[in-house]
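The values are calculated or read from the model by the stated rules, or taken from the named source; none is laboratory data. Keep in mind it's a predicted model, so treat the numbers as computed, not measured. Neighbour counts run over all protein chains shown; Cβ positions are idealised from the backbone, glycine included. The area values use the complete protein model at the heavy-atom level, side chains included, leaving out ligands, DNA and RNA. Shrake-Rupley method; radii C 1.70, N 1.55, O 1.52, S 1.80 Å.
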Amino acid sequence: MNSSKLLQQTVELANRYYAHRDSSPVFPHVTPEQLRQAFGVLTPMPEHGQDAQQVIAELAGAAELGLVAQTGPRYFGFVIGGSLPVTTVADWLTSVWDQNSGLYATSPAASVVEEAAAAWLLELLGLPAKASVGFVTGCGMANFTGLAAARHHVLRQAGWDVELDGLNGAPPVNLIVGDEVHVTVLTALRMLGLGTRSVKRVPADGQGRMIAAELAQTLRGCAGPTIVCAQAGNVNTGSFDPLAPIADAVREKGAWLHVDGAFGLWAAVSPELKHLVAGAERADSWATDGHKWLNVPYDCGLIMCAHPEAHRAAMTVTAAYLVQSDKERDPFEWTPEFSRRARGFTVYAALKHLGRSGVRDMVENCCARARQMADFLRRHPAVEILNDVVLNQVLVRFHKSDAATRAVIERVQQDGTCWLGGTTWHNMAAMRVSVSNWSTTEKDIELSAAAILRAIDSAASAPSLALEVEQDQRR
Ligand SMILES: Cc1ncc(COP(=O)(O)O)c(C=O)c1O
């Protein structure tokens, strides 16, 4: 097999993809059946192999039918970052090098690049330089890892060794979250054996921010080991829990504060936004993503912990055949995974390429584009912007009607100029716009906003919808 020809072919395919990506519909017009046909679903497993170049050509041909332009400038769905060209290429090299980055002994380069990227990351996010850092698959796993460290620490303080003795007979742990907690925090609690039934939910305000006075009240009713999960960046509104008073209340109680900052933690890089995360530096653990706002390719999450000994104790294991280092970083000690991809390379490439000013510009540009979108849309009488646009998220409702809002979302998705999804906010259907891509320009927002306005007009003229909208408005 000629790997050089294969790599050359891959470069050509990648260039072809980029060349067509932004002029094609953001979401492909394809049926599942067409994709099954293209990938040969239900065709028998081939007895004999095929030429590698042909496999790659056919794979790309089939995949391209069903790819979503998530790396493109007009993808506003969920909170999905793009991929800076430098990180895409660093990711290719990560595959070419194919390092198992678990141990220093398996890859000195993968270990030390994490060390470099971790130190920059902590500095950039304004977190304690001595915090430990783990490179995981996403913020969901980062939440899991941070909460595993929390579980270790609070139970240790109560004289219980959870890694050794498990949870049977352990002192109960108070678990406190905001009412707008991200679902992955709850998944983490499930996976940690803490369950979700006993979780105390602290009420949130109209923007989804935990009410600090309510938290203080809840904490007053708690005795023993306690973990509080706060949020920096609500997935719908982009709002932030008030971290400074939350940190005060948690500190007073001697509890553990975990901050889920999948994208919001990056506000720390901007002088105009950093007030939103004031107090975050006093937390005990922080979870965030590389694949959202840092625009590194999937997958990449980051967990940082102010108590390296708890972090390490919750994650590390040992075995006779493992060559663990006394002096150097063994990356697997900070993550749930044992064998793992060398995620440090892409994070390092992003931080080195952008520098502090580049990360700041990228974050501020996304927020400015979100405000531009909100300003453009709110001129239309049918539009209501439901959130204060404090970050990169915009929540939009049309004609004060669930039916109209859903119809507009569907029409925008069909139009293909951009892609955005729906949600339910305070029992109302809403459209979510999340600007998380390094390459989104003012022009992209103009084109996308124009597509949304067209969809409003087309929905308004659909006779089948008129009655439903009228009923919604009367409710
Ligand atoms: C606040 C918050 N936490 C956690 C997550 C989960 O992140 P991931 O999908 O990277 O695991 C998300 C995803 O959007 C999020 O917004």
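Taking the conditions exactly as written (open to solvent by less than 10 Å² (accessible area, probe 1.4 Å), away from the ligand (no atom under 13 Å from the Cβ) and not in a loop (DSSP other than H, G, I, E, B)), does LEU302 satisfy them or not? Working first, answer last.
Details: open to solvent by less than 10 Å² (accessible area, probe 1.4 Å): yes; away from the ligand (no atom under 13 Å from the Cβ): no; not in a loop (DSSP other than H, G, I, E, B): yes.
Judged against the criteria, LEU302 is not a match.
What pairs come out if I take residues in segment 194-207 that are under 11 Å from THR218 (Cα atoms) and pair them with residues that are assigned to a loop (DSSP other than H, G, I, E, B) and open to solvent by 50 Å² or more (accessible area, probe 1.4 Å) whose C-beta lies under 8 Å away, six or more apart or interchain?
Filtered contacts from segment 194-207: ARG201/ASP179; VAL202/ASP179; VAL202/ILE211; PRO203/ASP179; PRO203/ILE211.
Here are GLY224, GLY193: which of them is more than 16 Å from the ligand (Cβ to nearest atom), open to solvent by 20 Å² or more (accessible area, probe 1.4 Å) and in contact with a Leu (Cβ under 8 Å, 6 or more places away or on another chain)?
Working: GLY224 fails: in contact with a Leu (Cβ under 8 Å, 6 or more places away or on another chain).
Checking each option against the conditions leaves just GLY193.
Restricting to segment 276-289, and then to whatever is within 16 Å of the ligand (Cβ to nearest atom) and under 17 Å from GLY146 (Cβ atoms), can you tell me which residue is farthest from the chain's Cα centre (by Cα)? Give the steps one after another, and end with the answer.
Just the residues of segment 276-289 that are within 16 Å of the ligand (Cβ to nearest atom), to begin with: 276-277, 280, 283, 285-289.
If we keep only those that are under 17 Å from GLY146 (Cβ atoms) too, we end up with 277, 280, 283, 285-289.
Working: VAL277: 17, ALA280: 18, ALA283: 19, SER285: 16, TRP286: 13, ALA287: 10, THR288: 7, ASP289: 5 Å.
Per the criteria, the residue is ALA283.
Tell me, please, whether a residue that is within 12 Å of the chain's Cα centre (by Cα) and buried (at least 24 other Cβ atoms within 10 Å of the Cβ) can be found in segment 250-258. Show your work before the answer.
Within segment 250-258, the subset within 12 Å of the chain's Cα centre (by Cα) is none.
Taking every residue of segment 250-258 in turn, none turns out to be within 12 Å of the chain's Cα centre (by Cα) and buried (at least 24 other Cβ atoms within 10 Å of the Cβ).
Please go through (1) open to solvent by 20 Å² or more (accessible area, probe 1.4 Å); (2) part of a helix (DSSP H, G or I); (3) within 16 Å of the ligand (Cβ to nearest atom) for LYS292 and return the number of the only condition it doesn't satisfy.
(2)
So GLY355 ticks every box in (1) touching a residue at least 40 places away in the same chain (Cβ under 8 Å); (2) open to solvent by less than 30 Å² (accessible area, probe 1.4 Å); (3) not in a loop (DSSP other than H, G, I, E, B) but one. Which box is left unticked?
Against the list (1) touching a residue at least 40 places away in the same chain (Cβ under 8 Å); (2) open to solvent by less than 30 Å² (accessible area, probe 1.4 Å); (3) not in a loop (DSSP other than H, G, I, E, B), GLY355 comes up short only on (1).
Any residue in segment 417-430 that is under 27 Å from GLU364 (Cα atoms) and assigned to a helix (DSSP H, G or I)?
no
Would you please name the residue that is nearest to the ligand (Cβ to nearest atom), looking only at residues in segment 227-250 that are in a helix (DSSP H, G or I) and closer than 15 Å to LEU175 by Cα? Break it down into steps so the answer makes sense when it comes.
Let us first name the residues in segment 227-250 that are in a helix (DSSP H, G or I), namely 243-250.
From what is left, the residues that are closer than 15 Å to LEU175 by Cα are 246, 249-250.
On the way: ILE246: 15, ALA249: 21, VAL250: 19 Å.
Top of the filtered list is ILE246.
Tell me, please, whether a residue that is modelled with pLDDT of 95 or more, touching a strand residue (DSSP E or B) at 6+ places or on another chain (Cβ under 8 Å), within 16 Å of the ligand (Cβ to nearest atom) and open to solvent by 10 Å² or more (accessible area, probe 1.4 Å) can be found in segment 266-275.
No: segment 266-275 contains no residue that is modelled with pLDDT of 95 or more, touching a strand residue (DSSP E or B) at 6+ places or on another chain (Cβ under 8 Å), within 16 Å of the ligand (Cβ to nearest atom) and open to solvent by 10 Å² or more (accessible area, probe 1.4 Å).
Quick test of your reading of the structure: GLU64 fulfils all but one of (1) over 18 Å from ASN15 (Cα atoms); (2) touching a residue at least 12 places away in the same chain (Cβ under 8 Å). Name the failing condition by number.
Exception for GLU64: condition (1).
Pick from ALA117, ALA110, ALA105: which is at pLDDT 95 or above, open to solvent by less than 10 Å² (accessible area, probe 1.4 Å), hydrophobic (A, V, I, L, M, F, W, C) and more than 27 Å from CYS366 (Cβ to Cβ)? Talk me through it step by step, then tell me what you get.
On the way: ALA117 fails: more than 27 Å from CYS366 (Cβ to Cβ); ALA105 fails: open to solvent by less than 10 Å² (accessible area, probe 1.4 Å).
Within the list ALA117, ALA110, ALA105, the selection yields ALA110.
Can you tell me which residue in segment 443-453 is nearest to VAL396 (Cα to Cα), limited to those that are free of Cβ contacts under 8 Å to residues at least 40 places away in the same chain and open to solvent by 10 Å² or more (accessible area, probe 1.4 Å)?
Start the filter on segment 443-453 by keeping residues that are free of Cβ contacts under 8 Å to residues at least 40 places away in the same chain, which leaves 443, 450-451.
Pick out the ones that are also open to solvent by 10 Å² or more (accessible area, probe 1.4 Å) and you get 443, 450.
Working: LYS443: 20, ALA450: 15 Å.
Step by step, filter segment 443-453, then rank; the result is ALA450.
Considering only segment 64-78, I want to know if a residue exists there that is of a type in the set (Asp, Glu) and open to solvent by 70 Å² or more (accessible area, probe 1.4 Å). Spell out the reasoning first.
Residues of segment 64-78 that are of a type in the set (Asp, Glu), as a first pass: 64.
Going one step further and asking which of them are open to solvent by 70 Å² or more (accessible area, probe 1.4 Å), we end up with none.
Among the residues of segment 64-78, not one is of a type in the set (Asp, Glu) and open to solvent by 70 Å² or more (accessible area, probe 1.4 Å), which makes the answer no.
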